[in-house]
Amino acid sequence: MEITPATLEWQDAYKLLVGSILPRPIAFVSTMDRKGTANAAPFSFFTAICADPMLICFSPMRRGTDGAKKDTLVNIENTRQFVINIVSEGMASKMNDCAIEFPTDVDEIEEVGLTKERSIKVSVPRIKESLVHLECELYQVLHFGDKPGAGSLVIGKVIHVHVNDGLYSHGRIDTAQLAPIGRMAGNIFTDPLAKTFEMLRKTEKR
């Protein structure tokens, strides 16, 4: 099958992306609007960029119905702060509830029964149920179109990290205890560490 993306409706192009690039980690992003109302939403277009400076990025797509910016992006542009809350298996259902398009004045964190906790370096609350939090300041944002299917690239500089004490040892996070979930295509998610294998990186050609 040979496919030219430019010939597709954006929904079909999206299905190709999410069906090919997987599993994808989930950025559960908490933000706050100018009035102090908290917001939380999951995004699976998410990855790290580099360690020095410590930069991460995620991509909120435009709303599929009218092309409007999502509340997360609007809040970040206004306050220049956000928190990435890493999603463990035990909080997956409530994370998924936050994907509902609530009215702008609704605090999703409280609405779905999660718990807000004060951050250290940013005014945006983190989500207590998460075991790892990345407090971020906006480093750069790039926009790619303004129609349904378009999106933005939000780059955040991590200025503070919270790791649950039980997960952290000798500078490393215990992946098994973190039990992170991943996003597949459609409504499918991955179980944490369903199957893993080790493969050492070679240092020279033989």
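For the reader, a short list of remarks on this structure follows.
- Annotation note: Cβ proximity below 6 Å between a residue of region 26-37 that is farther than 14 Å from GLU117 by Cα and at pLDDT 95 or above and a residue that is part of a loop (DSSP other than H, G, I, E, B) and of a type in the set (Val, Ile, Thr) (sequence gap 6+ or interchain) occurs for ILE26/VAL87; PHE28/VAL87.
- Candidate set: region 37-61, residues that are among the aliphatic types (A, V, I, L, M) and under 21 Å from PHE102 (Cβ atoms); chosen: the one nearest to the chain's Cα centre (by Cα): ALA41
- For region 48-61, the candidate set comprises residues that are under 19 Å from ARG24 (Cβ atoms) and either among the acidic types (Asp, Glu) or touching a residue at least 24 places away in the same chain (Cβ under 8 Å) (or both); within that set, the residue that is most open to solvent (accessible area, probe 1.4 Å) is ILE49.
Condition check ((1) open to solvent by 50 Å² or more (accessible area, probe 1.4 Å); (2) among the acidic types (Asp, Glu); (3) outside any strand (DSSP E or B); (4) at pLDDT 95 or above) across all residues:
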{"position": "ALA41", "(1), (2), (3), (4)": "no, no, no, yes"}
{"position": "ARG63", "(1), (2), (3), (4)": "yes, no, yes, no"}
{"position": "ASN85", "(1), (2), (3), (4)": "no, no, no, yes"}
{"position": "LYS94", "(1), (2), (3), (4)": "yes, no, yes, yes"}
{"position": "GLU101", "(1), (2), (3), (4)": "yes, yes, yes, no"}
{"position": "VAL124", "(1), (2), (3), (4)": "no, no, yes, yes"}
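- Positions within region 148-173 being open to solvent by less than 60 Å² (accessible area, probe 1.4 Å) and either polar (S, T, N, Q) or over 18 Å from SER130 (Cβ atoms) (or both), in sequence order: PRO148, GLY149, ALA150, GLY151, SER152, LEU153, VAL154, ILE155, GLY171
- Residues located in region 103-113, provided they are in contact (Cβ under 8 Å) with a residue 60 or more places away in the chain and part of a helix (DSSP H, G or I): GLU108, ILE109, GLU110
- Unmet criterion (only one of (1) closer than 17 Å to LYS70 by Cβ; (2) assigned to a loop (DSSP other than H, G, I, E, B); (3) under 16 Å from the mean Cα position of the chain (by Cα)) for SER152: (2)
- Only a single criterion out of (1) open to solvent by less than 80 Å² (accessible area, probe 1.4 Å); (2) assigned to a strand (DSSP E or B) is not satisfied by ALA185, namely (2).
- Filter pass, GLY90 being open to solvent by 50 Å² or more (accessible area, probe 1.4 Å), under 18 Å from the mean Cα position of the chain (by Cα), among the small types (Gly, Ala, Ser) and more than 18 Å from PHE43 (Cβ to Cβ): yes
The values are calculated or read from the model by the stated rules, or taken from the named source; none is laboratory data. If you're wondering where the values come from, they're calculated on a predicted model, not measured in any experiment. Virtual Cβ from ideal backbone geometry, glycine too; neighbours counted across all protein chains shown. For the accessible areas, the whole protein counts, side chains as well, though only heavy atoms, and no ligand, DNA or RNA atoms are used. Shrake-Rupley method; radii C 1.70, N 1.55, O 1.52, S 1.80 Å.
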